[in-house]
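The values are calculated or read from the model by the stated rules, or taken from the named source; none is laboratory data. Note that the structure is a prediction, hence the values are computed from the model and not measured. Cβ coordinates were reconstructed from backbone atoms using ideal geometry, including for glycine residues, and neighbour counts include every protein chain displayed. We work out accessible area using only protein heavy atoms, side chains counted, and drop any ligands, DNA or RNA first. Shrake-Rupley method; radii C 1.70, N 1.55, O 1.52, S 1.80 Å.
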Amino acid sequence: MRSGQRLGRRFGWLWGAYGASALGTWLAFGSFELIAIRVLHAGPAEVAALASVGAAVGAAVAVPLGPWVEFRRKRPVLIAMDLVRFAALLTVPAAFALGVLTFVQLLVVSVVVAAADITFRAASGAYLKTLVRAEDLLVAGARFESTAWTTTIIGPPLGGAAIGLLGPVATVVADGVSYLLSALGVRASGGHEPPPERREAARMRAPELLDGWRYILADPTLRPLFFNTALFNSLVMASQPLLAVLMLGRLGFSPWQYGLAFAAPSIGGLLGSRLARPLVTRYGQHRVMVASGALRALWPIGLAFIGPGTGGLLLVMGVELGLIFCCGVFNPVSSTCRLERTRNDRVTRTLTAWAVTTKASTALLTALWGMLGALLGPRTAVALAGALLLATPLLLPRRAAVSVTGAEVAAERV
């Protein structure tokens, strides 16, 4: 990545908006679960439902929003989704102050935030394609990726300190305010946004809900990348609760050690995202995507061998560092490939289908791995997830992708 390469003022505002909301998200990481446990005295089943059901239902709610957003200007949608998240989150401290906060409210808010988050991400991908040139998409993606890992490093420690001083409700306020700042940043980006293609029908038809999945499954590049991403992310996330049980329970690690084991290695994501552009320039997009996608699958199996003490802590940090570094390279390269391969009039529906599938499969496998952990033990379940991850490189695209050309678009419309 060329140092100081400028992508324009409008991209700068969008980038800043993303950074603000990402920091707020990590400041409030785990706050809903803490509120459920400490304030509402929820049990394990309720906490698990809050973590999985909210995301799954939110993904289902977001399904019809993809086709709806596709035919509307994306900038107003981004602002609206930020304001929806801001308003939803602010109901939590308001209810807490009035003494009427309930578990159902937390669940509803988590659903609203999850649906708005999916819609925002899908619309932002389409909006990004109007802000930067095609050859700059990787630079833009790498900057978003580096920001994500930077906030991952900074956010949880600051959020933990805030929770210790002010309680978990305070971090929910911070998260809500971050979405308000994001809305202001998107609004400040200004400029002219090309009008979306008009709908042929006045009302959305039921088959249109599946357009995103149809487009992905019909494309020889997007299809394997879609299955690879969904399976990899789901297996990695499904093993995290079991790893927490193993480290904080049987192995006797303290909470600060557990947090350090996953926060410190995030520096690898920052480094990987900075190297993504130079690697693609030298070796090509396809080679870098396949190599980093294969290498990231090799690391998680090492978590099955974690032991107590300093050695075990260093093992987790080493595994996570390697995993996150490879993800830092892979993520911006794969997201660039996805945007390049998707027609402009299909971006929102495609990204919505992608995000909905990832969230739903993560929720499903998390619940399944919870049962496997109860039956086989957490270490065995973590090892099983790691073993299955070794097969995910087989789903990576085998041929180099090309951008959708004007001729292809014209041919598809005939």
Would you list L248, L65 from the most to the least accessible area, probe 1.4 Å?
L248, L65
Which of F330, F86 is most accessible, then next, and so on - probe 1.4 Å
F86, F330
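Decide, for segment 72-209, between rounded, prolate and oblate: order the square roots of the alpha carbon gyration tensor eigenvalues as a ≥ b ≥ c, take rounded if a/c falls under 1.5, and otherwise choose prolate if a/b is larger than b/c, else oblate. Let's see the in-between values first.
Numbers: a/c = 2.50, a/b = 1.43, b/c = 1.75.
In terms of gyration-tensor shape, oblate.
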Quick check on segment 302-368: take the gyration tensor over C-alpha atoms, sort the square-rooted eigenvalues as a ≥ b ≥ c, and tell me if it's rounded (a/c under 1.5), prolate or oblate.
oblate
Work out from phi, with θ = phi - 60° and the Karplus expression 6.51 cos²θ - 1.76 cosθ + 1.60, the ³J(HN,Hα) of each residue of segment 221-229, listed in order in whole Hz, and give x for Gly and Pro.
8, 5, 4, x, 5, 4, 5, 4, 5
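Would you mind getting me the FRET efficiency between L158 and R398? Use the beta-carbon distance for r and R0 = 56 Å, nearest 0.05.
On the way: r = 43 Å, r/R0 = 0.77.
Efficiency, from the Cβ-Cβ distance: 0.85.
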Apply the Karplus curve 6.51 cos²θ - 1.76 cosθ + 1.60, θ = phi - 60°, to the phi angles in segment 156-165 and return the couplings in whole Hz, x for Gly and Pro.
x, x, 5, x, x, 5, 5, 5, x, 8
Can you list residues whose amide H is under 5 Å from A42's amide H, if they're 5+ apart or on another chain and H is modeled 1.01 Å from N?
I37
Efficiency by 1/(1 + (r/R0)^6): what FRET value for R250 and L210, r their Cβ-Cβ distance, R0 = 45 Å, to the nearest 0.05?
0.50
Summing -39500 (n - 2.57) over every DSSP H run of at least 4 in the chain, dividing by its residue total and rounding to the nearest 500, the 222 nm mean residue ellipticity is -25000 deg cm²/dmol
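Taking a ≥ b ≥ c as the square roots of the eigenvalues of the Cα gyration tensor of segment 33-150, is the shape rounded (a/c under 1.5), prolate (a/b larger than b/c) or oblate? Before the final figure, lay out each step's value.
Working: a/c = 2.37, a/b = 2.02, b/c = 1.18.
It comes out prolate by the Cα gyration axes.
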Heavy-atom surface of segment 252-401, accessible at 1.4 Å and reported per residue (Å²)
43 Å²
What do you get for trypsin sites (Lys or Arg not before Pro) in segment 54-88 restricted to DSSP loop and a cutoff of at most 16 other Cβ within 10 Å of the site's Cβ?
R72, R73
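For the chain, what % of the accessible area comes from carbon and sulfur atoms, probe 1.4 Å?
C and S atoms contribute 69 percent here.
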Could you tell me the center-to-center distance, by alpha carbons, between segment 218-250 and segment 355-393 in angstrom?
7 Å
For segment 364-371, in order, what is each residue's ³J(HN,Hα) by Karplus, 6.51 cos²θ - 1.76 cosθ + 1.60 with θ = phi - 60°, in whole Hz (x at glycine and Pro)?
5, 6, 4, 5, 5, 5, x, 5
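Using the 2.2 N^0.38 Å rule of thumb for compact globular proteins, work out how the chain stacks up: its C-alpha Rg over that value, please. List each step's numbers first, then the result.
Numbers: Rg = 21.0 Å, N = 414, 2.2 N^0.38 = 21.7 Å.
For the chain, the normalised Cα radius of gyration comes out at 0.97.
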Amide H neighbours of T342 under 5 Å, counting only residues 5+ apart in sequence or on other chains, H built in-plane at 1.01 Å?
V404
Once ligands and nucleic acids are excluded and a 1.4 Å probe is used, how much of F305 is accessible, expressed in Å² to the nearest 10?
150 Å²
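If I stretch the segment between A60 and T380 completely, what's the gain in nm (0.36 nm per residue apart, minus their alpha carbon distance), one decimal? Before the final figure, lay out the partial values.
Numbers: separation 320, 0.36 × 320 = 115.20 nm, distance 3.15 nm.
Between A60 and T380, full extension yields an extra 112.1 nm.
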